[in-house]
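Heads up: the structure comes next, in structure tokens.
The values are calculated or read from the model by the stated rules, or taken from the named source; none is laboratory data. Computed from a predicted model, the values in this text were never measured in an experiment. All Cβ positions, glycine included, derive from the backbone under ideal geometry; neighbour counts span all protein chains shown. Accessible surface areas use protein heavy atoms only, side chains included; no ligands, DNA or RNA. Shrake-Rupley method; radii C 1.70, N 1.55, O 1.52, S 1.80 Å.
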Amino acid sequence: MSSAAHDAMVRMLQDDLAGEHAAIIQYMQHVWRMGDAGGDIPCEVQEIARDEMRHFRWVAELVVDLGADPTVERDVIYINGSPPADLMLLDIDAEDRAIAQYVAHTREIDDRRVTRVIDRILVDERAHRELFRGYVTAFGGDPDAPSPRPGVGPFSGQRASSGSAQQAASEAPEATGPFSQERPPTNEVISVTPYHAPPNLQLPPGHEQLIATLNSDIGREYTTVLQYLFQSFVNKSNRLGTELQIDLAQWHMKHWGWLAERVAELGGEVTTHHEEIDRTRDAAYVIRSDIARQQALANHYAEEMQTVEDEDAQRKIARMHAHDVYQIDQLKNLQTALEAGDLELGVPAAPPSAAPQAPPAPRLTVGDLFGQKQDA
């Protein structure tokens, strides 16, 4: 394979990663917005988000095998305060774009190892599209109705910017999306109709400050998940990568979900901001930095437990704090094993010229986080 063909393939896979990342966040945002509406449908959409998480891992590991760092950028996500049927129309639109993009990539990529994975992903995306069509019908909508915002969202190729123009998009929706003539959307999240809490919702005193506090914590957890996933992808063949992905990242994804559910219950918008991640691959550095991250989280939640008055949030934060304390010891055990030479690190990433390797066998991933009963 020529260098130009290799680079083009990596760019296409990075675009796929940005689309999958956005689909995960958009679908989960829609789950939180639907709440109890639609019976089991929110749970079923959550399951689709799990599938997208698996796709994200598969594509990220292909990128690593090709000698590159997997991107943690994502496409703009689209949130609408409309009825659930409209949310599902948005998600049909996202699946249509995903299918079109993956089909185009299978035609342009001449590497059977890669196209085999894409073909497998396409099986899911086509099934997701039909499921979303069924949900629209279940909500009393028309699955053939046009999307509320065509061309915007996951797999649109429009990257989320570092700063959000959420308020501007809410106040002037015509400035973004298909109705704009010159300026493409650059905001992280687009919401045409501002979200309002149900009128019969009983809100605790100071709920606005509580929502802000929990959203700040969501940003911490989101960044931690992305950090651990990146580290696990580039160490996918060894114990360090396994523990980072199968255990640490999964629990932080659960923390993120618990916080988001409480924000939604309080009638708030769940924010989806994250900080930049550290791309250092050195195992000793990775473990040291992760211990420091866990200690900072444990200290933060220990203090927050004393100031948050909402009992539900307090219980969640206390449990998260206990997990963080445990994970400090978990990482220290990895550090001890590394220093003793007992941590089989293998090769963090294959160089571009290396012979292609078969995709790893499926294993438990961050896609198995939500809805799983586990002990504290």
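Taking a ≥ b ≥ c as the square roots of the eigenvalues of the Cα gyration tensor, an a/c ratio of 1.5 or more together with a/b larger than b/c marks the range 1-142 as prolate.
Each of 92, 27, 109 was scored by the projection of its Cα onto the charge dipole of the range 1-140, and the greatest displacement toward the positive side belongs to 109; charges sit on the C-beta of Lys, Arg, Asp and Glu.
Here's the picture: a label point sits 7 Å out from the Cα of residue 314 along the beta-carbon direction, and within the range 253-273 the residues with their amide nitrogen under 19 Å of it are 259, 262-263, 266. Can you give me the C-alpha center-to-center distance between the range 111-131 and the range 249-269, rounded to a whole angstrom? The range 111-131 and the range 249-269 have Cα centres separated by 29 Å.
Computed extension length for residue 107-residue 302: 64.9 nm, one decimal, from 0.36 nm per residue of separation with the Cα-Cα distance subtracted. When nucleic acids and ligands are ignored and a 1.4 Å probe is applied, residue 58 ends up with an accessible area of around 50 Å². Cα centroid separation, the range 70-109 to the range 26-59: 13 Å. Listed peptides 300-307, 64-71, 217-224, 319-326 appear in the order 217-224, 64-71, 319-326, 300-307 once ranked by packing, highest mean of other Cβ atoms within 10 Å at the front.
Computing FRET efficiency as 1/(1 + (r/R0)^6) for residue 273 and residue 100, where r is the C-beta to C-beta distance and R0 is 25 Å, gives about 0.30.
Approximating the spin labels as points 7 Å out from Cα along Cα→Cβ, the residue 116-to-residue 4 distance works out to 2.9 nm.
Other residues within the sphere of radius under 14 Å centred on the Cβ of residue 106, judged by their own Cβ, net out at -1 (K and R +1, D and E -1).
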